[in-house]
1. Where the second residue is not in a loop (DSSP other than H, G, I, E, B) and the first is among the acidic types (Asp, Glu) and lies in the stretch 6-19, which pairs have Cβ atoms under 9 Å and are six or more apart or on separate chains?
2. Go through the stretch 90-113 and count every residue that is assigned to a loop (DSSP other than H, G, I, E, B) and within 23 Å of Phe131 (Cβ to Cβ).
3. Is one or more of the residues making up the stretch 147-169 in a strand (DSSP E or B), over 28 Å from Phe30 (Cβ atoms) and touching a residue at least 24 places away in the same chain (Cβ under 8 Å)?
4. Taking the stretch 170-194 as the search range and keeping residues that are outside any loop (DSSP other than H, G, I, E, B) and hydroxyl-bearing (Ser, Thr, Tyr), which one is farthest from Ile126 (Cα to Cα)?
5. Can you name the number of the only condition in (1) touching a Lys or Arg at 6+ places or on another chain (Cβ under 8 Å); (2) closer than 25 Å to Val61 by Cα that Asn92 fails?
Amino acid sequence: MSAYKSFFSHETAIIDEGCEIGEGTKVWHFSHIMTGAKIGNGCNIGQNVVISPDVVLGNNVKVQNNVSLYTGVTCGNDVFLGPSCVFTNVINPRSAVNRKSQYARTCVGNGATIGANATIVCGHDIGDYAFIGAGAVVTKTVPAYALLVGNPAKQMGWMSEFGHRLEFNEDGKAVCPESGETYILTGNEVTKVKLI
């Protein structure tokens, strides 16, 4: 951290030496940011959050209360992590067996939402703007814009960048009701139409 503190941290937060916290970020009550963690600009870290060594958060990430982010997790920009969601980093943990050398990585894409109490099993990436419903247990890689719910999580459809369910017509086109942006479904892949 630099000598000039460009972020806010509540007096009960613990911020270890050797982490990076971006300008305008807020770290709230009883949260712990560990050595080697990197947090971007304009993030909001809620109460009782643990961010382990080498976790990387992009800009404008919202981490709600009671979230655990363990080593191996990387989040892009504009990610929303709902209350009490958790990321694992070992497939087969045992207290008596040290598996620190076996941490699996999980990358959360730009704009993705992880709902309250969801669990992301390590080694499965979450695509850009994907939407994971509350309480879901993610056990596989999630495509961009996909909507997943349940335990184990199953894909139930597609979401726009504004967080609305996309209804595709027979031509494979859908329009977000809030933004008016158009999306194209080809096979099992959604792309947003870019305006020229």
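We did not get these values from a lab; they are worked out from the coordinates using the rules stated. The structure displayed is predicted, hence computed values, not measured ones. Quick reminder, even Gly has a Cβ in these numbers, built from the backbone with ideal geometry, and neighbours come from all protein chains shown.
1. Filtered contacts from the stretch 6-19: Asp16/His32; Asp16/Ile33.
2. Number satisfying all stated conditions: 6.
3. There is at least one residue in the stretch 147-169 that is in a strand (DSSP E or B), over 28 Å from Phe30 (Cβ atoms) and touching a residue at least 24 places away in the same chain (Cβ under 8 Å).
4. At the first step, the residues of the stretch 170-194 found to be outside any loop (DSSP other than H, G, I, E, B) are 173-175, 182-186, 189-192.
Going one step further and asking which of them are hydroxyl-bearing (Ser, Thr, Tyr), we end up with 182-183, 186, 191.
On the way: Thr182: 22, Tyr183: 19, Thr186: 19, Thr191: 15 Å.
If we take residues in the stretch 170-194 being outside any loop (DSSP other than H, G, I, E, B) and hydroxyl-bearing (Ser, Thr, Tyr), then Thr182 is farthest from Ile126 (Cα to Cα).
5. (2)
Residues checked against (1) within 14 Å of the chain's Cα centre (by Cα); (2) buried (at least 17 other Cβ atoms within 10 Å of the Cβ); (3) closer than 19 Å to Glu167 by Cα:
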position: Ile120; (1), (2), (3): yes, yes, no
position: Ile132; (1), (2), (3): yes, yes, yes
position: Ala144; (1), (2), (3): yes, yes, yes
position: Gly150; (1), (2), (3): no, no, no
